[in-house]
Amino acid sequence: YYCDTCKIVHADQHYLTYHNGIVYECNDGGMFKTENDTDWTRISNGIINSQMYRLGVAQTTDQVTMTGLQDNGTKIWYYSTWYQQGGGDGMECIIDYTNLDIRYSSIYYGDISRLKDGAWTTISDTAKTGVGAWTTPYIINPKNPKSLYFGYADVWKTEDYGDSIRKISDINSSQLLQSMAIAPSDTNTLYVADYQDMWRTTDGGTNWTKLSG
């Protein structure tokens, strides 16, 4: 989507115009032109107009950052160069704080993928968990990087980097969970919330208390 000379352009088209033998196109990836109807040149490089949903940063270096973008997938800033990490609408991104080569990215409604051992794998998807929020929340345990929590209508957990996940709540939020937080001082304590209500567990998800007021 960010190449200088492309055979294809972004899938979401908004405007076409023709002038002096050149076709100009505007889409969610920028502005392009073609003079032969085959090869496209992006003419909007340098315009800083990406819409970010979430941002994840490495803790072992200041040279690696991931971000999820509206209509332009997930990108990673990896030692002075941007690379594409996924398509669609990029959402929450997490970089393992002990190993920057373990990374997590997601798209709308809660399909979450993991990079490990050089390969991307889907670790949580709506076929198993049900649909999540547009920007489905998920967090990493600050004391154990193998452990992550995912928020859909309920809370799901992995203890093996996402190789397996299991449901640890019976919240069944009709609004879907929108945010999650874990206590660094005691990682058995988590808070989750939808648009209206908040829940807390102090035993790692065995019991949940609905908070009000």
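The values are calculated or read from the model by the stated rules, or taken from the named source; none is laboratory data. Worth saying up front: this structure is predicted, and the values here are computed from it rather than measured. Glycine also receives a Cβ, built like all others from the backbone with ideal geometry; neighbour counts cover every protein chain displayed. Quick note on the areas: whole protein, heavy atoms, side chains included, nothing else; ligands and nucleic acids left out. Shrake-Rupley method; radii C 1.70, N 1.55, O 1.52, S 1.80 Å.
So which residues in segment 69-82 are touching a residue at least 40 places away in the same chain (Cβ under 8 Å) and either out of contact with any strand residue (DSSP E or B) (no Cβ under 8 Å at 6 or more places or on another chain) or part of a strand (DSSP E or B) (or both), if there are any at all? Matches in segment 69-82: 71, 73, 82.
Considering only segment 94-129, how many residues are part of a loop (DSSP other than H, G, I, E, B) and open to solvent by 30 Å² or more (accessible area, probe 1.4 Å)? So that I can check it myself, show each step before the final result.
Within segment 94-129, the first condition is being part of a loop (DSSP other than H, G, I, E, B), and the residues that meet it are 96-102, 117-118, 125.
Add one more test, that the residue is open to solvent by 30 Å² or more (accessible area, probe 1.4 Å), and what stays is 97-99, 101, 117-118, 125.
Number satisfying all stated conditions: 7.
If the condition is being over 23 Å from the mean Cα position of the chain (by Cα) and under 19 Å from residue 147 (Cα atoms), then segment 188-207 contributes 188, 189, 200, 201, 202, 203, 204, 205, 206, 207. Of the listed requirements (1) more than 13 Å from residue 90 (Cβ to Cβ); (2) in contact (Cβ under 8 Å) with a residue 40 or more places away in the chain; (3) open to solvent by less than 50 Å² (accessible area, probe 1.4 Å), residue 21 misses just one: (2).
Restricting 176, 148, 211 to those that are among the hydrophobic types (A, V, I, L, M, F, W, C), open to solvent by less than 60 Å² (accessible area, probe 1.4 Å) and closer than 22 Å to residue 76 by Cβ reduces the list to 148. If you go through segment 44-58 and keep only what is outside any strand (DSSP E or B), surrounded by 13 or more Cβ atoms within 10 Å (Cβ to Cβ) and either touching a residue at least 40 places away in the same chain (Cβ under 8 Å) or among the aliphatic types (A, V, I, L, M) (or both), you end up with just 58.
One residue alone among 158, 201, 189 is of a type outside the set (A, V, I, L, M, F, W, C), over 14 Å from residue 124 (Cβ atoms) and crowded, with 18+ Cβ neighbours inside 10 Å, and that residue is 201.
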